[in-house]
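Worksheet: the structure to be examined is printed underneath.
The values are calculated or read from the model by the stated rules, or taken from the named source; none is laboratory data. Being a predicted model, the structure only gives us computed values, none of them experimental. Cβ sites come from the backbone with ideal geometry, for glycine too, and all protein chains shown count toward neighbours.
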Amino acid sequence: MRQRVGIESLAVAVPHRYLDLEDLARARGVDPAKYTQGLGAKQMAVAEPGEDAAALAATAAKRLIENNSLDPANLGMLVVGTETGVDHSKAVASYVQGMLKLPRGMRTFDVQHACYGGTAGLMAAAEWIASGAAAGRSAIVIASDIARYELNSPGEPTQGGGAVALLVSAEPDLLELDFGMNGVFSMDVHDFWRPLGRREAVVDGHYSIACYLEALSGAYRGWRERAIAREMIRPKDLPSEQLARVVYHVPFCKMAKKAHAQVRRCDIEDTRGVTWNEALDAQEAPAMTASFEKQVASTLGLCAQVGNAYTASLYLGIAGLLEKEAAALEGERIGLFSYGSGCCGEFFSGVVGKKAAQKMAAAKLGNVLAQRERIRFDEYERVLKLPPGEPLQGIHAAPGTFRYCGSQDFRRVYAAG
Ligand code: CAA
């Protein structure tokens with residue numbers, strides 16, 4: 001019998017403040033509809049220097065352990081996927097291990113591949129368990145990032161930040177992964193990157209969308225081929241329609257709409273042997289809208305409130321979806337697409353577990369968002385202009401969270417609230 005493996009539970013941490021996108025639009029002299037309808041964004045998390053990727057990762061992992069009464073002695077691996085780490089050498093995973101005082105007999109490491117790092121970590125952990133090397137132990141995989149672009153740039157309304165910690169185990173109560181069906185696509189491109197020494201990303205925005213869609217097509221077709229070979233989906237009807245929901249990496253929510261249209265285009269071209277054209281586009285538009293509303297819209301709730309969180313974006317999508325629909329989706333297969341610029345894309349799938357609703361109740365996502373505070377545009381701009389590595393003074397870590405509070409002899413110091 002095949003080894004069951006996947007996500008047993010999850011927990012989320014987000015910066016404690018956010019900016020409303022309409023406030024940003026007004027301050028920049030942009031029609032708010034461009035951000036809210038054109039990009040599909042509502043709010044974006046605004047991290048101050050005390051809320052770095054390590055502090056958010058540790059806060060999410062602490063919630064995961066406490067909410068699920070985990071025994072740390074049963075953990076054999078701690079992986080952090082991040083593209084906004086805090087040191088050129090020392091792993092964020094080591095900082096998290098230290099902040100949470102986790103046992104020393106575990107493998108700790110970071111994975112960097114733009115927004116794909118969390119998924120690479122998830123697959124490494126899942127394969128470690130499936131291979132038997134874990135010998136009954138579980139892994140924590142954390143995706144944690146702060147998304148930043150230059151002030152006043154086209155990327156500005158697509159900032160955000162957050163962390164999602166996943167417990168990966170042989171008891172996938174939340175989501176059992178379809179093992180060995182993943183489709184991947186990678187190529188060497190400069191669509192989005194962050195040269196050494198820069199805090200803000202450099203991005204070729206419209207080209208990055210094209211790269212995302214190209215990677216999605218390749219990865220989706222790879223997944224579909226394996227899913228058909230294993231008789232998980234029927235080749236005749238539109239294969240993507242057989243997935244109950246599809247969760248995409250969302251740098252901004254409208255991207256999920258573009259992504260879903262691309263997946264349907266792949267299906268229609270390949271199953272009907274046609275080449276996409278404008279007439280087909282118009283003919284398929286109503287079905288496309290209906291399919292997006294049914295399969296994708298409910299995955300975007302949390303992402304629209306947090307903005308881009310790079311590695312954590314896909315996992316915020318899963319959290320937001322299951323928070324709303326876990327009970328209804330029990331036993332259903334969902335599709336997942338992870339994209340990291342540079343680039344690598346992976347399409348995979350999993351089946352929602354019988355205890356998913358119970359696990360999502362334990363994650364208390366409502367509390368996490370309710371604790372946030374809306375800030376004004378001038379405060380947002382002040383925070384983003386602060387020099388890196390200098391946390392705001394007079395702010396203490398809230399109970400249950402961690403906060404970076406400065407460096408001593410180049411050693412970063414974190415405080416627990
Ligand atoms: N009312 C309603 N809609 C409006 C509008 C208005 N007044 N004005 C413009 N719009 C619409 C446009 O029609 C457009 O919609 P479509 O894409 O459906 O055509 C949308 O709003 C955006 O408008 P523009 O394309 O003119 O926006 P822009 O050029 O200023 O910037 C962007 C858009 C390129 C995505 C930019 O925000 C950006 O560079 N973002 C960062 C890069 C990014 O997120 N890339 C995504 C793929 S890479 C990835 O996924 C990895 C990652 O996490 C970064």
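Go through the stretch 283-305 and give me each residue that's aliphatic (A, V, I, L, M) and more than 21 Å from Gln159 (Cα to Cα). Give the derivation first.
Taking the stretch 283-305 as the starting set, the residues that turn out to be aliphatic (A, V, I, L, M) are 285, 287-288, 290, 296-297, 300, 302, 304.
Selection gives Ala285, Ala287, Met288, Ala290, Val296.
Can you tell me which residue is nearest to the chain's Cα centre (by Cα) among those in the stretch 144-160 that are surrounded by fewer than 24 Cβ atoms within 10 Å (Cβ to Cβ) and more than 10 Å from the ligand (Cβ to nearest atom)? Filtering the stretch 144-160 for residues that are surrounded by fewer than 24 Cβ atoms within 10 Å (Cβ to Cβ) and more than 10 Å from the ligand (Cβ to nearest atom), the one nearest to the chain's Cα centre (by Cα) comes out as Arg148. In this structure, Gly345 does satisfy being buried (at least 22 other Cβ atoms within 10 Å of the Cβ), touching a residue at least 12 places away in the same chain (Cβ under 8 Å) and farther than 21 Å from Ala45 by Cα.
The number of residues in the stretch 100-133 being under 20 Å from Glu176 (Cβ atoms) and either touching a helix residue (DSSP H, G or I) at 6+ places or on another chain (Cβ under 9 Å) or surrounded by fewer than 24 Cβ atoms within 10 Å (Cβ to Cβ) (or both) comes to 13.
Does the stretch 183-223 hold any residues that are of a type in the set (A, V, I, L, M), within 14 Å of the ligand (Cβ to nearest atom) and either under 15 Å from Tyr116 (Cβ atoms) or touching a Leu at 6+ places or on another chain (Cβ under 9 Å) (or both), and which are they?
Residues of the stretch 183-223 of a type in the set (A, V, I, L, M): 184, 187, 189, 196, 201-203, 209-210, 213, 215-216, 219.
Now drop any that are not within 14 Å of the ligand (Cβ to nearest atom), which leaves 187, 189, 201-203, 209-210, 213, 215-216, 219.
Hits for the stretch 183-223 are Met187, Val189, Ala201, Ala215, Leu216, Ala219.
Yes/no matrix, rows are residues, columns are (1) more than 25 Å from Tyr149 (Cβ to Cβ); (2) modelled with pLDDT under 95; (3) aromatic (Phe, Trp, Tyr):
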| residue | (1), (2), (3) |
| --- | --- |
| Lys236 | yes, yes, no |
| Ala256 | no, no, no |
| Gln262 | no, no, no |
| Arg272 | yes, yes, no |
| Ala290 | yes, no, no |
| Leu314 | no, no, no |
